[in-house]
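The values are calculated or read from the model by the stated rules, or taken from the named source; none is laboratory data. Just so you know, these numbers come straight off a predicted model, no measurement behind them. We place every Cβ from the backbone using ideal geometry, glycine too, and count neighbours over all the protein chains shown.
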Amino acid sequence: MMIFKKALPRRTFLRGAGATLALPLLEGMVPAFASAKDMTEKSPVRFSVVFIPNGRIMDHWTPKTAGKGFDLPPTLAPLAPFQDQMLVLSGLGSQPKKKLLRSVGLDAGPHATASAVFLTGVYPKPPGQAGISVDQIVAKELGQHTQLASLELSLESGETGAGGDGADSDAYLNTMSWRSATTPLPVENNPRRVFERLFGESDSTAPAERLRRVREDRSILDVVTQEVSRLARELGSHDRGKLAEYLEAIRDVERRIQMAEEAGFQELPVIERPAGMPSNYEEHAKLMFDLQVLAYQTDMTRVITFAMAREKSERAYREIGLEEGHHALTHHGYDPVMMAKCVQIETYQSRQFAYFLEKLRATREGDGSLLEHTVILYASSISDGHSHDRANLPVALLGGGRGKLKGGRHLQYPGDTPLANLFLTLLDVTGVPVEDFGDSTGKLELLSVA
């Protein structure tokens, strides 16, 4: 490690006209004679939720054996390179208790209820009420140390409803994050807007400014060139290499966003996505995952929720040759052909998620990686999509949580264990302990036991 007489501030920014770039953790931000352990201790824990909609074909999700050394089923097979940092949790659910149902009335609708209760542990009731979600409890604490308390992202727009589903509010379907019982948080699915939220200043986010940048083919890095050159002279060789990799990652993401926007300015036939965003699901997902890695790498936020599609999504996955909408396919009546198509979609989504995990693992921080310093929930709010079952949900945890999670295991819990028990436990892992959460009945055991 390079030895610096004076450490750079942990939150160092490069500023230019309309741009502010936060820097990742560099060795030069550690005081003289500090060790690699000191760098790791400067690495905060991050909390991430990656939501997958419409349930799963559970026979293709659930490992056949419990404990260590389990074989990955087809839907989780793309995550094989990360099995040693994965916990598959079976038996957790969000089925209503009879006493609770009497207090809130009937379900708002099978998908709306599933989505609303997923991160809150609270069943929705009119008018448009749920409960504070676990990500926002974490964000309230960890957000004191970052510019953005949290990011709420999706691959689908939250501006229009996904169908009433018997609910009094589309918010149940459009978002899974609730700041309070009556305040659902809108999602963002446009990579440009996410990019500018991370790296732009308020005077650069107007549509006219975005259009000017695209047409001039300018990079946001152009306006901080002098700052980069000045900083590079103060860094050691290892930090200069790390800075170059980080800036190249920003430039690559911006270039791909610009390509999507340029395509959006052309006259196109009617498409499923708003112009200015990738029409290809895989490229859209990769861009949004790359932006999340950058947000964590620069410590702009430590809490992100990301929906690979919203609950009750009818997206057709033509990239893998499927014309039917996803939600329609999940009402398969247990027809093997339709179920096989659902497994195709579910496996395809796992492949996109594996891309995110690999990017986190490849991003070094201290003597570890972002993956080792992150807790990632990969889950759906429904198990069997055909019956809208909310028992035995598909739930997996990835990442190390800064040493607090021990992966490589399939853990089975009693079938009536509330999903909220997991969140009560994860709040401890993220350093935000609470006494109870939603309909929790206690903390889960064994998450950190090898």
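Among the residues of this structure, E234 counts as one that is over 26 Å from D135 (Cβ atoms), in a loop (DSSP other than H, G, I, E, B) and either modelled with pLDDT of 80 or more or of a type in the set (G, A, S) (or both). Say whether the condition of being at pLDDT below 75, of a type outside the set (V, I, T) and either buried (at least 17 other Cβ atoms within 10 Å of the Cβ) or within 26 Å of the chain's Cα centre (by Cα) (or both) is met by at least one residue in segment 53-76. No: zero hits. Inside segment 416-450, residues that are among the small types (G, A, S) and closer than 17 Å to A396 by Cα make up a count of 3. Among the residues of segment 410-426, none qualifies, meaning not one is farther than 27 Å from D290 by Cβ, part of a loop (DSSP other than H, G, I, E, B) and not basic (K, R). Selection of first residues in segment 394-418 that are among the charged types (D, E, K, R) and surrounded by fewer than 20 Cβ atoms within 10 Å (Cβ to Cβ) and of second residues that are at pLDDT below 95 and in a loop (DSSP other than H, G, I, E, B), restricted to Cβ pairs under 6 Å at least 6 apart or on distinct chains, gives the following pairs, ordered by first then second residue: K404/S448; K406/S448; K406/A450.
For segment 144-159, a tally of residues being of a type outside the set (A, V, I, L, M, F, W, C) and crowded, with 19+ Cβ neighbours inside 10 Å returns 6. Regarding L287, is this residue farther than 15 Å from S154 by Cα and either outside the structural domain of S219 (by TED's automatic domain parsing) or at pLDDT below 55 (or both)? No. Restricting attention to segment 119-147, the residues being of a type in the set (S, T, N, Q) and either free of Cβ contacts under 8 Å to residues at least 12 places away in the same chain or out of contact with any Ser or Thr (no Cβ under 8 Å at 6 or more places or on another chain) (or both) number 1.
Listed residues P44, P24; which is surrounded by fewer than 22 Cβ atoms within 10 Å (Cβ to Cβ), modelled with pLDDT of 80 or more and either in contact with a His (Cβ under 9 Å, 6 or more places away or on another chain) or of a type in the set (A, V, I, L, M) (or both)?
Testing whether each residue is surrounded by fewer than 22 Cβ atoms within 10 Å (Cβ to Cβ), modelled with pLDDT of 80 or more and either in contact with a His (Cβ under 9 Å, 6 or more places away or on another chain) or of a type in the set (A, V, I, L, M) (or both) leaves just P44.
For segment 352-393, a tally of residues being within 24 Å of N54 (Cβ to Cβ) and either over 13 Å from the mean Cα position of the chain (by Cα) or without any contact (Cβ under 8 Å) to a residue 12 or more places away in the chain (or both) returns 13.
Residues considered: S440, S381. Of these, the only one that is buried (at least 23 other Cβ atoms within 10 Å of the Cβ), assigned to a loop (DSSP other than H, G, I, E, B) and of a type in the set (S, T, N, Q) is S381. Q344 falls short on exactly one of the conditions (1) outside any helix (DSSP H, G or I); (2) of a type outside the set (G, A, S); (3) more than 21 Å from the chain's Cα centre (by Cα), and that condition is (1).
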